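Trainee: My questions will all concern the structure given below.
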Amino acid sequence: MQDLLVAFQQVLQPGVLLYLILGTTLGLVVGTLPGLTATMAVAILTPLTFWLPPASGLGVLIGVWNAAIFSGGISAILLNIPGTPASIASTFDGYPMAKKGQAGLALGINVLYSFIGGIFGIVVFLIAAFPLARFALSFGPAEYFALGLFGLSMMVAVSGTSVVKGLITGFIGLALSLVGLDPMLATPRFNFGSTDLITGFSFIPLMIGIFGLGEVFYQMTTAPYQPQEESGKKKETLSSLGRMLVNAKEFIQTLPAAIIGSVTGVIIGAIPGTGADIASLLGWEFSRRASKRKEEYGKGSIEGLVATCTANNACLGGALTTMMALGIPGDAVTAVLIGSFMMYGVQPGPAMFRDRSDFVFTVIGLMILANLFFLATGFIFSRFAGGFILLPKPIMWSTILILSLVGSFSLNNRLFDVWVAFLGGILGFLFRRYQFPIGPIILALILGPMVERNFRTALIISHGNPAIFLTRPISLIFIIGTVLALASPLFLYRKKEKKE
């Protein structure tokens, strides 16, 4: 508790608060605009915060992350278009509520329960992250290899309907992670004689390309949504928002849904490679199954909207726990944040909790303040969000392109990183165009080097005997989990085949 109070003293400095407010404001705008994502915003802004003190730079990124996940529900409620993937499930009941004349109440629920879910996730992080990190400190190379392998097996889980496409993107990520210096021999490999590739592909420019440029290229080459068609309907909805606060009866009624959504969000967030979109969908479904008013779900149910809003923000705490305690990204945003932490000279993982506990508590303090700030401004922002929703797409595209190029160059002051961003943009465009999941390539880029390095180190320790991975209990458990994760799609396919 003493360390947390010291961290709060640091993050309450005027300069840090200013950057946190700036990041939260940017997150509100980014989340509200359909087509933009929290991952894209964090990836683009990461190199731009390189010159700031760590607390200030993290304030921008964490503010964007928390606010964008919440504000994606605004356009989902008003226009039936999720601002971010995390708000897909918010359209199920949020938009029907708006059509019934309860737009204000739906927006208010989005603000209040997103805050409740976010705080719940942070509390779980405080309780679980430090014990988990202390346990992980006992890991050796064999355990880290098995843990990384288990994380890579999640490529199957995040591949959507096509496991084959997920494995293809995963192997592309593994191939890219091999470029650069050999982790054991420090000799260049796969750099084709280029001095720019001796250290491999820069992670942040690559992520900027995949999430920023790739999304812009895709939107520019597909039929863009014309918000003018909805402007009359939106203005009519905004003019009759009505009350935004739930009353005591509604709060008691929705309490079970809030608990189910929060718990679901934290658990799903802690699973590597998932995300707030999956958390919100499952939170909605689990709440529907437990509700006495199942028939109201999908038709403007307050409980359904509460479950999704708490789940998608509670997911952040779960994802942060996995990322910071084990060094494995819980979702796409935490994958980019790993690169951000490394940019500040901090390596996520159990050693960080031992050697840089001050940094951990700074992150916790910023997370709490970001939630408090979007709670304080969310009600007002939700009422005036219409202007952002109708922002012309060419302006959005131009802004993203400029920020992406500037951010890619500013990290290392190398033109080569701009070309890396363009390479990522082409990959991101092709993945979206042909419906390849992006999650696997992120897991591969982050975990590939970790798996290779620890695999080779473990074999050196055991004098080449691979039995070291099976004779150590923790390593064996992770390997069994990997086998089960890889075999589950085949089992489900055969079960479905028999049922048909």
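The values are calculated or read from the model by the stated rules, or taken from the named source; none is laboratory data. Since the structure is predicted, the reported quantities are computational estimates derived from the model, not experimental observations. Here Cβ is always computed from backbone atoms with ideal geometry, including for glycine, and neighbour counts include all displayed protein chains.
Trainee: Residues that are aromatic (F, W, Y) and farther than 26 Å from G349 by Cα: which helices (runs of 4 or more DSSP H) entirely in the range 386-495 hold 1 or more of them?
Mentor: Output list reads 386-389, 393-412, 415-433.
Trainee: Still on this structure: It is to be established whether one or more residues within the range 402-424 are farther than 16 Å from P205 by Cβ, surrounded by 14 or more Cβ atoms within 10 Å (Cβ to Cβ) and modelled with pLDDT of 75 or more.
Mentor: no
Trainee: Here's something else I'd like to know. Determine which member of the set L52, L17 is free of Cβ contacts under 8 Å to residues at least 60 places away in the same chain and within 30 Å of S357 (Cα to Cα).
Mentor: Among L52, L17, only L52 is free of Cβ contacts under 8 Å to residues at least 60 places away in the same chain and within 30 Å of S357 (Cα to Cα).
Trainee: Could you check how many residues of the range 192-206 are in a helix (DSSP H, G or I) and touching a residue at least 40 places away in the same chain (Cβ under 8 Å)?
Mentor: Counting residues in the range 192-206 that are in a helix (DSSP H, G or I) and touching a residue at least 40 places away in the same chain (Cβ under 8 Å) gives 5.
Trainee: Separate question: Which residues, counting only those in the range 298-322, are over 15 Å from V111 (Cβ atoms), of a type in the set (S, T, Y) and not in a loop (DSSP other than H, G, I, E, B)?
Mentor: T321, T322 - these are the residues of the range 298-322 that are over 15 Å from V111 (Cβ atoms), of a type in the set (S, T, Y) and not in a loop (DSSP other than H, G, I, E, B).
Trainee: Being more than 25 Å from S262 (Cβ to Cβ) and in contact (Cβ under 8 Å) with a residue 60 or more places away in the chain, is that true of even one residue in the range 305-315?
Mentor: No - not one qualifying residue is present in the range 305-315.
Trainee: If S488 satisfies all but one of (1) out of contact with any Leu (no Cβ under 6 Å at 6 or more places or on another chain); (2) buried (at least 17 other Cβ atoms within 10 Å of the Cβ); (3) in contact (Cβ under 8 Å) with a residue 24 or more places away in the chain; (4) not basic (K, R), what's the number of the condition it fails?
Mentor: All conditions are met except number (2).
Trainee: Which condition from (1) farther than 28 Å from E296 by Cα; (2) modelled with pLDDT under 80; (3) of a type in the set (S, T, N, Q) is the one that T84 breaks?
Mentor: Among (1) farther than 28 Å from E296 by Cα; (2) modelled with pLDDT under 80; (3) of a type in the set (S, T, N, Q), T84 violates only (1).
Trainee: Considering every residue within the range 53-63, establish whether at least one is more than 13 Å from L18 (Cα to Cα), among the hydroxyl-bearing types (S, T, Y) and in contact with a Gly (Cβ under 7 Å, 6 or more places away or on another chain).
Mentor: no
Trainee: Still on this model: Please specify each residue of the range 428-450 satisfying the condition of being charged (D, E, K, R) and over 18 Å from the mean Cα position of the chain (by Cα).
Mentor: If the condition is that a residue be charged (D, E, K, R) and over 18 Å from the mean Cα position of the chain (by Cα), then R433 is the only one that fits.
Trainee: Could you list all residues from the range 283-340 that are among the polar types (S, T, N, Q) and either under 30 Å from L45 (Cα atoms) or surrounded by 24 or more Cβ atoms within 10 Å (Cβ to Cβ) (or both)?
Mentor: S287, S301, T308, T310, N312, N313, T321, T322, T334, S340
Trainee: Of all residues in the range 443-473, count the ones that are crowded, with 17+ Cβ neighbours inside 10 Å and either out of contact with any Gly (no Cβ under 7 Å at 6 or more places or on another chain) or free of Cβ contacts under 8 Å to residues at least 60 places away in the same chain (or both).
Mentor: Qualifying residue count, the range 443-473: 11.
Trainee: Follow-up question, since we're still on this one. Within the range 285-292, does at least one residue satisfy the condition of being over 19 Å from G27 (Cα atoms), part of a loop (DSSP other than H, G, I, E, B), at pLDDT 85 or above and more than 23 Å from the chain's Cα centre (by Cα)?
Mentor: Taking every residue of the range 285-292 in turn, at least one turns out to be over 19 Å from G27 (Cα atoms), part of a loop (DSSP other than H, G, I, E, B), at pLDDT 85 or above and more than 23 Å from the chain's Cα centre (by Cα).
Trainee: Within the range 182-212, track down each residue that is among the small types (G, A, S) and either over 26 Å from L403 (Cα atoms) or surrounded by fewer than 13 Cβ atoms within 10 Å (Cβ to Cβ) (or both).
Mentor: A186, G193, S194
Trainee: Do we have any residue at all in the range 373-385 that's among the basic types (K, R), within 17 Å of G200 (Cα to Cα) and either touching a residue at least 24 places away in the same chain (Cβ under 8 Å) or crowded, with 16+ Cβ neighbours inside 10 Å (or both)?
Mentor: Within the range 373-385 (the criterion being among the basic types (K, R), within 17 Å of G200 (Cα to Cα) and either touching a residue at least 24 places away in the same chain (Cβ under 8 Å) or crowded, with 16+ Cβ neighbours inside 10 Å (or both)), the answer is no, since none of the residues qualifies.
Trainee: Of these, A325, A335, A370, which one is in contact with a Pro (Cβ under 9 Å, 6 or more places away or on another chain), at pLDDT 85 or above and assigned to a helix (DSSP H, G or I)?
Mentor: A325 is the lone residue from the list that is in contact with a Pro (Cβ under 9 Å, 6 or more places away or on another chain), at pLDDT 85 or above and assigned to a helix (DSSP H, G or I).
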